[in-house]
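First the structure, in the form of structure tokens, and then the observations on it.
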Amino acid sequence: MTTAGRFVEVKHRIRIQAPPEAVRSQFADLYHHIETNVHPKLKFEVLVQEPRRARFAQEVKLLGMKQRDIFERTIDEDGTIHDVSVEGFNKGGSLDFVFSPVPAEGTDATAVDITIRLPVPRLMGWLAPLLKSQVTREVTAAALEDKYDLEQRGYKPAAARVH
């Protein structure tokens, strides 16, 4: 656990049986996540959506408290996604998603490396281990929900989605 600078950092890796292009597209597709309720514990609202950046609101319950944040998203040339909380309970926190092809026998697979950094509330450093534990559980569950969406539901990119 990293708490330097009063942040908790959680890293998680998941392997998804789908080509990297599809996995990157699904992770970046906020409207798909909303319309199909990929993550039942998260609520999203898209404020701005462009091809390589977005601004969205996210609500989640952590440590028994409802938390609402505004995130600025940037997507690198290679598809890496960076979400930074610019307003709300977790301001200054971030989520990063890195996608790598994984050799598999006859099928495409993708490794997704997820890094979450959340600020520890001022004067509440004692909460850091509990926060890390809950974030670890939540990111594991969310990654499995994305895996299910891609492998079982068969996510298809919305090529010309206009909102």
C-alpha center-to-center spacing [segment 62-89, segment 94-150] in angstrom
13 Å
Rg/Rh for the chain: what does it come to with C-alpha atoms and Rh from Kirkwood?
0.96
Ranking request for peptides 23-34, 136-147: highest mean number of other beta-carbon atoms within 10 Å first, then the rest in descending order.
23-34, 136-147
Report the label-to-label distance for residue 133 and residue 108 in nanometres (one decimal), using points 7 Å from each Cα along the Cα→Cβ vector.
4.1 nm
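Could you list 132, 91 so that the one with the fewest beta carbons within 10 Å of its beta carbon is first and the one with the most is last? Don't skip to the end; give the middle numbers.
On the way: 132 19, 91 12.
Lowest count first: 91, 132.
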For each of 14, 114, count neighbouring Cβ atoms within 10 Å of the residue's Cβ, then give the residues from fewest to most.
14, 114
Could you tell me which of 79, 94, 134 has its Cα farthest along the dipole of segment 4-153 towards the positive end, charges placed at Cβ (Lys, Arg +1; Asp, Glu -1), taken about the Cα centre?
134
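Over the chain, what is the relative contact order in whole percent, taking alpha-carbon pairs under 8 Å and six or more residues apart?
Numbers: 304 pairs, mean separation 49.3, N = 163.
With pairs under 8 Å counted, the relative contact order is 30 percent.
Summing Lys, Arg as +1 and Asp, Glu as -1, what charge do residues with Cβ under 12 Å from the Cβ of residue 121 carry, residue 121 excluded?
On the way: positive: 6, 91, 122; negative: none.
Once all neighbours under 12 Å are counted, the net charge is +3.
Find how much the distance from residue 152 to residue 77 grows on full extension, using 0.36 nm per residue of separation minus their present alpha carbon separation; answer in nm with one decimal.
On the way: separation 75, 0.36 × 75 = 27.00 nm, distance 2.78 nm.
Gain on stretching residue 152 to residue 77: 24.2 nm.
Assigning unit charges at the beta carbon (Lys, Arg +1; Asp, Glu -1) and nothing else, what dipole magnitude in debye, to the nearest 20, does segment 1-92 show about its Cα centre?
Values: 15 positive and 14 negative charges, 96 e Å.
In debye, rounded to 20, segment 1-92 gives about 460.
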HN-Hα couplings for segment 79-90 via Karplus (6.51, -1.76, 1.60; θ = phi - 60°), in whole Hz with x for Gly/Pro, come out as x, 4, 10, 10, 10, 10, 6, 9, 7, x, 4, 9
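Only the coordinates and a few stated rules stand behind these numbers; no lab work does. This structure is a prediction, so every number in the text was calculated from the model and none was measured. Methodologically, a virtual Cβ is constructed for each residue, glycine included, from the backbone with ideal geometry; neighbour enumeration extends over all protein chains shown.
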